[in-house]
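Chemist: Quick one: this structure, given as C-alpha cells, is what I'll be asking you about.
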Amino acid sequence: MGLLVPLPGRRRGASSNMRAALALLLFLAAAHAIHRGKAYVRDKVCQEYQMLGKENFRTLTIIANSRKYSNGTFEEIGHLVREIVSLAETCCADGADPSCYDTGSTALSVKSCGADSPFPAHPGTAECCAQRGLERKLCLAALRHPPQPLPRYLQPSDKELCQAFREDPREFADRFLYEYASSYSQAPLPVLLASTRTFLSMVSTCCISPSPTACFLKEKLERKTLSLLTLTSNRICSRFSAYGKDKVSFSYLALLAQKVPTAPFEDLLPLAEDAAELSAQCCDSVAEDCMQKKLLEHTAKVCTALSARDGRFADCCTGKNLMENHFCILAMPPAPAPELPKASEPTNKELCGKDGALHATRFLFELARRHPSLPDAILAKLYDSSGKLRGECCSTKDPSSCWDSKRKRIEAELFPFLEKASQLCGQYNDLPFLEFKKRLRESLAQAEPEASPAQLEQLLEQRVSFASTCCLPEAPPLLCASKVRPRALPPSVPLRGQTPHRGQTPHRGCPSPLPSFPR
C-alpha cells in the first residue's frame, strides 16, 4: 500500500482531488478563515466544496479544526464543523446571494463572541471580540490552541473498534478524526490526511471481513510506515513550532552529540542544519510527499555519516525501511559520557565577533557531548541564555568586563548544576523506576536535612515528574520548557531553586537558565 493513498472509493489517479483537498485545508486550517469575508476566499471555498462534495468537505473540516483547536472538546468541534459546512452548503449553492457568505461569516463571528458560544474556548477570544468588522474576523482566524504535550489517542482493541463502528459508523469516524487530529495536530496536513484515511479504510474493510484478525494484522503491517511517519513528524514539527529553525538546529545538534559524543562538531553541524531545513520546508507544506521524501533523505545522510563511528547507528541503519531506521535512531539512548578534556570556552572577542553565534553553539555542543544525559529542555534554556548574554555584553562599552563577570558566576553555579541535572536524567534512564525513586529520596534527604517529610515528598514528586516527562528523547518541548524558568538566583542557593527571603535583593549577575529545577 502506498504511503499517500487515494480517498476510499476514489480512483488512484485522482491526485488532483487530493491536491484540491490539501488546498482547501489551507483555507480551513484556521477555523474561522471563513470570517475573512473576501470574495476570493468565498469563491475558492465554494470551488473546493463543489469539487469534493459535502461529505469530503465535512471530513476535512473536522480534521482542520481538531488540529487547530487541539484542546477543544468533541462537542465544541462538532458545533463549529456544522456551522462551517452549513455556511458552505447554503452560500455555495447555485443562485445564492453574493452577500450570503459575508453575512453568514459575520453572524458566525458574532456567535463566537457570545457568552454562551458553543465553539472551542480560547483565552484570546475576548481581545478579538473587542474589535469590529474584518479586524475581528482576522483576529479570530489567527487563534490557535497550543499542541497537546503528548498524543492522547489510544487505539482501542480490534474488537472494540468494530463494535463502535457497527453501532454508528458516522459517529465512529467523526470521533476518530477528532481524537487523532487533535492528538497529532503538529503532523503535516498531508501526513495526517493519509493516516486518518487509511485507518478508516482499514476498519471499514476488516470489520466486515470473514477473517477480521488476519485482516487487521495485514492492514496494520501495511500501515506501519505511515504510522511511524505520523508519530515522528508530529514530534519533529512540535519541536519546530516551539523552537523555530535556528533553535531546532541546535537541539538536533545536541541530540546527535549525546548519542555519538566522539563525532566532531564539523561532522554533526551539517546534519543538524539539514534537519532544521527539513522542518522548515515540510512542517507547513501541503506537498504530498515532502515530509516522507525529505525525512528519508535525511536519514540516509545520518546513516552514511555516523554508521562507521558508532555500532548502534550501524545497527539502526541496516534495515531496508528508512522510516524504521530513523525511528530507531531517535529512540537510541545517549551514549556513556566520554573521557574528554575540559571544553575550551570561546574568548570574549570570538563571542562578540561576526561568528559569535557559531562559537557559542560550538561551546554548547561541547557541553552536550560531555553531559550525554542532560535533557533537551535544559540545553534549550542554555541556548536561549547564551543569545541573551551575547546581546547584553556585546552591546556594552566594555564587553570584556561584562563577560568576565558573567563567567565567574557561570563557573560557580551553572556547571555544578549541569552535573546534577545530568545525573538525575542519567539515573532515571539507567535504573528501574522504584530504585531511581529510592536513590533520589535518599539524596534529597541528605541535601535538605532541615526539610520536613512533607517538603521532601513534594520535592521528590516534582523531580520524579520532571524526569519521567523531560528526560526522554520525545520530551514535549513546551511543557518541559515551563519546568525550567530563567531567573536570577542568589549566590547562596545556586542549586535548590529557592526564592530570596522577603527583603533580600537577588544577585543580578548571569541569569541562570536552570532555576527552580524542576518545578
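The values are calculated or read from the model by the stated rules, or taken from the named source; none is laboratory data. Here the structure is a predicted model, which is why all the values come from computation and not from measurement. Cβ atoms come from the backbone with ideal geometry, glycine included; neighbour counts cover every protein chain shown. Just so you know, the surface numbers come from the protein's heavy atoms only, side chains and all, with ligands and any DNA or RNA stripped out. Shrake-Rupley method; radii C 1.70, N 1.55, O 1.52, S 1.80 Å.
Chemist: If you go through the range 262-275, how many residues are buried (at least 23 other Cβ atoms within 10 Å of the Cβ) and either at pLDDT below 95 or within 17 Å of the chain's Cα centre (by Cα) (or both)?
Modeler: 1
Chemist: Which one of the conditions (1) open to solvent by 40 Å² or more (accessible area, probe 1.4 Å); (2) in contact with a Phe, Trp or Tyr (Cβ under 7 Å, 6 or more places away or on another chain) does P212 fail to meet, given that it meets all the rest?
Modeler: (2)
Results for (1) open to solvent by 30 Å² or more (accessible area, probe 1.4 Å); (2) among the hydroxyl-bearing types (S, T, Y); (3) more than 27 Å from the chain's Cα centre (by Cα); (4) more than 14 Å from E345 (Cα to Cα), shown as yes or no for each residue.
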residue: L358; (1), (2), (3), (4): yes, no, no, no
residue: L382; (1), (2), (3), (4): no, no, no, yes
residue: S385; (1), (2), (3), (4): no, yes, no, yes
residue: E392; (1), (2), (3), (4): yes, no, yes, yes
residue: K397; (1), (2), (3), (4): yes, no, yes, yes
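Chemist: Step by step: first the residues of the range 297-348, then only those that are in a helix (DSSP H, G or I) and among the β-branched types (V, I, T), then the one that is surrounded by the fewest Cβ atoms within 10 Å (Cβ to Cβ). Which residue is that?
Modeler: The qualifying residue surrounded by the fewest Cβ atoms within 10 Å (Cβ to Cβ) is T304.
Chemist: Hey, any hits in the range 192-206 for a residue that's within 24 Å of R309 (Cβ to Cβ) and assigned to a helix (DSSP H, G or I)?
Modeler: no
Chemist: For a quick check of your reading: which helices (runs of 4 or more DSSP H) sit entirely within the range 23-112 and have at least 3 residues that are closer than 25 Å to E179 by Cβ, acidic (D, E) and modelled with pLDDT of 90 or more?
Modeler: 74-91
Chemist: Conditions: (1) touching a Ser or Thr at 6+ places or on another chain (Cβ under 6 Å); (2) part of a helix (DSSP H, G or I); (3) surrounded by fewer than 20 Cβ atoms within 10 Å (Cβ to Cβ). R152 meets all but one. Number of the miss?
Modeler: The number of the failed condition is (2).
Chemist: Within the range 244-263, can one find any residue that is among the small types (G, A, S), free of Cβ contacts under 8 Å to residues at least 12 places away in the same chain and over 20 Å from P375 (Cβ atoms)?
Modeler: no
Chemist: Please work out which one of (1) over 31 Å from the mean Cα position of the chain (by Cα); (2) surrounded by 18 or more Cβ atoms within 10 Å (Cβ to Cβ); (3) assigned to a loop (DSSP other than H, G, I, E, B) is the condition A115 fails and give its number.
Modeler: (2)
Chemist: Okay, moving on. Return the pair list, or none, for Cβ contacts closer than 8 Å from residues in the range 434-449 that are on the phi < 0 side of the Ramachandran plot and in contact (Cβ under 8 Å) with a residue 24 or more places away in the chain to residues that are surrounded by fewer than 16 Cβ atoms within 10 Å (Cβ to Cβ) and polar (S, T, N, Q), at least 6 apart or on different chains.
Modeler: Taking only residues 6 or more apart or on different chains, the pairs are E448/Q455.
Chemist: Which one of the conditions (1) part of a helix (DSSP H, G or I); (2) open to solvent by 20 Å² or more (accessible area, probe 1.4 Å); (3) within 15 Å of L256 (Cα to Cα) does A368 fail to meet, given that it meets all the rest?
Modeler: With (1) part of a helix (DSSP H, G or I); (2) open to solvent by 20 Å² or more (accessible area, probe 1.4 Å); (3) within 15 Å of L256 (Cα to Cα) applied to A368, the lone miss is (2).
Chemist: Kindly indicate whether L514 is within 28 Å of the chain's Cα centre (by Cα), modelled with pLDDT under 50 and either of a type in the set (D, E) or within 17 Å of L374 (Cβ to Cβ) (or both).
Modeler: yes
Chemist: Now for a different question. Give the range 65-99 a look and list any residue that's within 17 Å of L193 (Cβ to Cβ) and in contact (Cβ under 8 Å) with a residue 60 or more places away in the chain, or say none.
Modeler: If the condition is that a residue be within 17 Å of L193 (Cβ to Cβ) and in contact (Cβ under 8 Å) with a residue 60 or more places away in the chain, then S66, R67, K68, S70, I77 are the ones that fit.
Chemist: Now, a different point. Do any helices (runs of 4 or more DSSP H) entirely within the range 409-475 hold 1 or more residues that are buried (at least 18 other Cβ atoms within 10 Å of the Cβ), in contact with a Pro (Cβ under 8 Å, 6 or more places away or on another chain) and modelled with pLDDT of 90 or more, and if so, which?
Modeler: By residue number, 415-430, 453-470.
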